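J.: One structure, as C-alpha coordinates, below. Some questions next.
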Amino acid sequence: MRRLLGFLGLFFGFSGVLAAEADMIEVHDPYVRRVPSVAKTTAAYMVVKNLSEQEVSIIAARSPAAKTVELHATRNEGGLLRMRAVPRFVIPPRGSLVIEPGGLHFMLIDLVKPLAANETVALVLEMADGSRKEVYAVAR
(Lines give C-alpha, C1' and ligand atoms only; values in the text may rest on other atoms or scores of the structure.)
Protein backbone atom coordinates (compact mmCIF):
# COMPACT_ATOMS: atom_id res chain seq x y z
CA MET A 1 0.00 0.00 0.00
CA ARG A 2 2.82 2.42 0.86
CA ARG A 3 4.40 1.74 -2.52
CA LEU A 4 1.12 2.46 -4.27
CA LEU A 5 0.71 5.77 -2.38
CA GLY A 6 4.30 6.67 -3.16
CA PHE A 7 3.80 5.89 -6.85
CA LEU A 8 0.56 7.86 -6.97
CA GLY A 9 2.30 10.72 -5.19
CA LEU A 10 5.05 10.83 -7.80
CA PHE A 11 2.57 10.39 -10.64
CA PHE A 12 0.13 13.06 -9.49
CA GLY A 13 2.67 15.37 -7.88
CA PHE A 14 1.73 15.08 -4.23
CA SER A 15 3.44 13.46 -1.28
CA GLY A 16 0.78 10.83 -0.58
CA VAL A 17 -0.67 12.84 2.28
CA LEU A 18 -3.05 15.62 1.41
CA ALA A 19 -2.95 18.68 3.63
CA ALA A 20 -6.07 19.71 5.48
CA GLU A 21 -7.62 22.97 4.29
CA ALA A 22 -7.07 24.50 7.74
CA ASP A 23 -3.32 23.97 7.31
CA MET A 24 -3.40 25.72 3.93
CA ILE A 25 -4.55 29.10 5.26
CA GLU A 26 -2.96 31.91 7.24
CA VAL A 27 -5.03 34.41 9.19
CA HIS A 28 -3.84 38.00 9.58
CA ASP A 29 -5.07 40.82 11.84
CA PRO A 30 -8.10 39.07 13.38
CA TYR A 31 -10.22 41.37 15.54
CA VAL A 32 -13.66 41.63 17.04
CA ARG A 33 -15.50 44.94 17.14
CA ARG A 34 -16.22 46.08 20.68
CA VAL A 35 -19.80 47.15 21.22
CA PRO A 36 -21.64 48.79 24.15
CA SER A 37 -22.18 46.42 27.08
CA VAL A 38 -25.93 46.21 26.37
CA ALA A 39 -25.35 44.96 22.81
CA LYS A 40 -25.64 41.22 22.29
CA THR A 41 -24.21 41.07 18.76
CA THR A 42 -20.90 42.02 17.21
CA ALA A 43 -18.69 41.03 14.28
CA ALA A 44 -15.24 39.57 13.71
CA TYR A 45 -12.92 40.52 10.86
CA MET A 46 -9.62 39.30 9.45
CA VAL A 47 -7.67 38.61 6.27
CA VAL A 48 -7.46 34.95 5.26
CA LYS A 49 -4.66 33.96 2.90
CA ASN A 50 -4.76 30.69 0.96
CA LEU A 51 -1.26 29.24 0.60
CA SER A 52 -2.34 26.37 -1.64
CA GLU A 53 -3.00 25.82 -5.32
CA GLN A 54 -6.62 24.87 -4.65
CA GLU A 55 -9.69 26.81 -3.56
CA VAL A 56 -10.56 26.44 0.13
CA SER A 57 -13.79 27.30 1.91
CA ILE A 58 -14.80 28.28 5.41
CA ILE A 59 -18.27 26.83 5.99
CA ALA A 60 -18.88 27.58 9.68
CA ALA A 61 -17.42 29.20 12.77
CA ARG A 62 -17.95 29.08 16.50
CA SER A 63 -16.72 30.90 19.57
CA PRO A 64 -17.08 30.50 23.32
CA ALA A 65 -17.77 34.27 23.40
CA ALA A 66 -21.14 33.88 21.62
CA LYS A 67 -23.96 31.36 21.49
CA THR A 68 -24.02 31.49 17.69
CA VAL A 69 -21.56 32.54 14.97
CA GLU A 70 -22.79 33.03 11.41
CA LEU A 71 -21.00 33.82 8.16
CA HIS A 72 -22.50 37.03 6.76
CA ALA A 73 -22.22 39.27 3.72
CA THR A 74 -23.32 42.89 3.53
CA ARG A 75 -25.09 43.77 0.29
CA ASN A 76 -26.54 46.95 -1.12
CA GLU A 77 -30.19 46.26 -1.92
CA GLY A 78 -31.92 49.27 -3.43
CA GLY A 79 -29.69 51.72 -1.59
CA LEU A 80 -30.06 49.93 1.77
CA LEU A 81 -27.22 47.91 3.26
CA ARG A 82 -28.48 44.51 4.39
CA MET A 83 -26.66 41.67 6.07
CA ARG A 84 -27.45 38.13 5.00
CA ALA A 85 -26.13 34.78 6.19
CA VAL A 86 -24.10 32.99 3.53
CA PRO A 87 -23.18 29.28 3.36
CA ARG A 88 -19.43 29.74 2.91
CA PHE A 89 -16.48 32.06 2.43
CA VAL A 90 -14.35 30.96 -0.54
CA ILE A 91 -10.64 31.76 -0.64
CA PRO A 92 -9.18 31.44 -4.17
CA PRO A 93 -5.95 29.53 -4.84
CA ARG A 94 -2.92 31.57 -3.75
CA GLY A 95 -5.33 34.42 -3.01
CA SER A 96 -6.65 36.30 -0.02
CA LEU A 97 -10.10 37.00 1.31
CA VAL A 98 -10.61 40.28 3.17
CA ILE A 99 -13.27 39.91 5.83
CA GLU A 100 -14.01 43.52 6.76
CA PRO A 101 -16.71 45.98 7.87
CA GLY A 102 -19.22 46.58 5.10
CA GLY A 103 -18.45 43.25 3.44
CA LEU A 104 -18.02 39.68 4.56
CA HIS A 105 -17.87 39.14 8.32
CA PHE A 106 -18.40 36.65 11.11
CA MET A 107 -21.49 37.65 13.10
CA LEU A 108 -21.22 36.79 16.80
CA ILE A 109 -24.78 36.52 18.09
CA ASP A 110 -25.89 36.37 21.71
CA LEU A 111 -22.62 37.38 23.34
CA VAL A 112 -22.00 35.53 26.60
CA LYS A 113 -20.68 38.71 28.25
CA PRO A 114 -19.55 42.19 27.22
CA LEU A 115 -16.09 42.27 25.63
CA ALA A 116 -13.39 44.28 27.36
CA ALA A 117 -10.85 46.34 25.42
CA ASN A 118 -8.01 44.14 24.15
CA GLU A 119 -9.73 40.97 25.34
CA THR A 120 -8.77 37.91 23.31
CA VAL A 121 -11.67 36.10 21.66
CA ALA A 122 -11.20 32.56 20.35
CA LEU A 123 -12.84 31.67 17.04
CA VAL A 124 -12.81 28.23 15.45
CA LEU A 125 -13.14 28.27 11.67
CA GLU A 126 -14.50 25.09 10.11
CA MET A 127 -13.33 24.30 6.62
CA ALA A 128 -15.25 22.41 3.90
CA ASP A 129 -13.10 19.31 4.41
CA GLY A 130 -13.99 19.21 8.13
CA SER A 131 -10.65 20.53 9.37
CA ARG A 132 -10.59 23.43 11.82
CA LYS A 133 -8.41 26.49 12.39
CA GLU A 134 -8.35 28.19 15.77
CA VAL A 135 -7.95 31.96 15.60
CA TYR A 136 -7.49 34.47 18.41
CA ALA A 137 -9.02 37.86 17.74
CA VAL A 138 -8.50 41.01 19.82
CA ALA A 139 -11.54 43.03 20.89
CA ARG A 140 -11.12 46.61 19.75
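The rows are residues; the columns are (1) within 25 Å of residue 112 (Cβ to Cβ); (2) within 13 Å of the chain's Cα centre (by Cα); (3) at pLDDT 95 or above; (4) not in a strand (DSSP E or B).
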residue: 4; (1), (2), (3), (4): no, no, no, yes
residue: 7; (1), (2), (3), (4): no, no, no, yes
residue: 11; (1), (2), (3), (4): no, no, no, yes
residue: 15; (1), (2), (3), (4): no, no, no, yes
residue: 19; (1), (2), (3), (4): no, no, no, yes
residue: 22; (1), (2), (3), (4): yes, yes, yes, yes
residue: 26; (1), (2), (3), (4): no, yes, yes, no
residue: 34; (1), (2), (3), (4): yes, no, yes, yes
residue: 39; (1), (2), (3), (4): yes, no, yes, yes
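J.: Still on this model: Within the stretch 120-140, can you find the residues that are surrounded by 12 or more Cβ atoms within 10 Å (Cβ to Cβ) and without any contact (Cβ under 8 Å) to a residue 60 or more places away in the chain?
T.: 120, 122
J.: Further, regarding this structure: Quickly run through the stretch 41-66 and pick out the residues that are out of contact with any Lys or Arg (no Cβ under 9 Å at 6 or more places or on another chain), closer than 10 Å to residue 111 by Cα and assigned to a loop (DSSP other than H, G, I, E, B).
T.: Of everything in the stretch 41-66, those that are out of contact with any Lys or Arg (no Cβ under 9 Å at 6 or more places or on another chain), closer than 10 Å to residue 111 by Cα and assigned to a loop (DSSP other than H, G, I, E, B) turn out to be 63, 64.
J.: Looking only at the stretch 16-67, which residues are β-branched (Val, Ile, Thr) and either on the phi > 0 side of the Ramachandran plot or surrounded by 16 or more Cβ atoms within 10 Å (Cβ to Cβ) (or both)?
T.: Here is the first cut: in the stretch 16-67, the ones β-branched (Val, Ile, Thr) are 17, 25, 27, 32, 35, 38, 41-42, 47-48, 56, 58-59.
Of everything in the stretch 16-67, those that are β-branched (Val, Ile, Thr) and either on the phi > 0 side of the Ramachandran plot or surrounded by 16 or more Cβ atoms within 10 Å (Cβ to Cβ) (or both) turn out to be 25, 27, 32, 35, 42, 48, 56, 58, 59.
J.: If you scan the stretch 77-95, which residues turn out to be assigned to a loop (DSSP other than H, G, I, E, B) and more than 22 Å from residue 50 (Cβ to Cβ)?
T.: To start, the set of residues in the stretch 77-95 that are assigned to a loop (DSSP other than H, G, I, E, B) comprises 78-79, 86-88, 92-95.
Listed by number, the residues that qualify are 78, 79.
J.: Anything in the stretch 96-129 that is outside any strand (DSSP E or B) and either closer than 16 Å to residue 29 by Cβ or touching a strand residue (DSSP E or B) at 6+ places or on another chain (Cβ under 9 Å) (or both)? List them, or say none. Spell out how you get there, then give the answer.
T.: Narrowing the stretch 96-129 to residues outside any strand (DSSP E or B): 100-103, 112-119, 128-129.
Passing the criteria: 100, 101, 102, 103, 112, 115, 116, 117, 118, 119, 128, 129.
The values are calculated or read from the model by the stated rules, or taken from the named source; none is laboratory data. All values derive from a computational prediction rather than experimental measurement. All Cβ positions, even for glycine, are placed from backbone atoms using ideal geometry, and neighbour counts span all protein chains on display.
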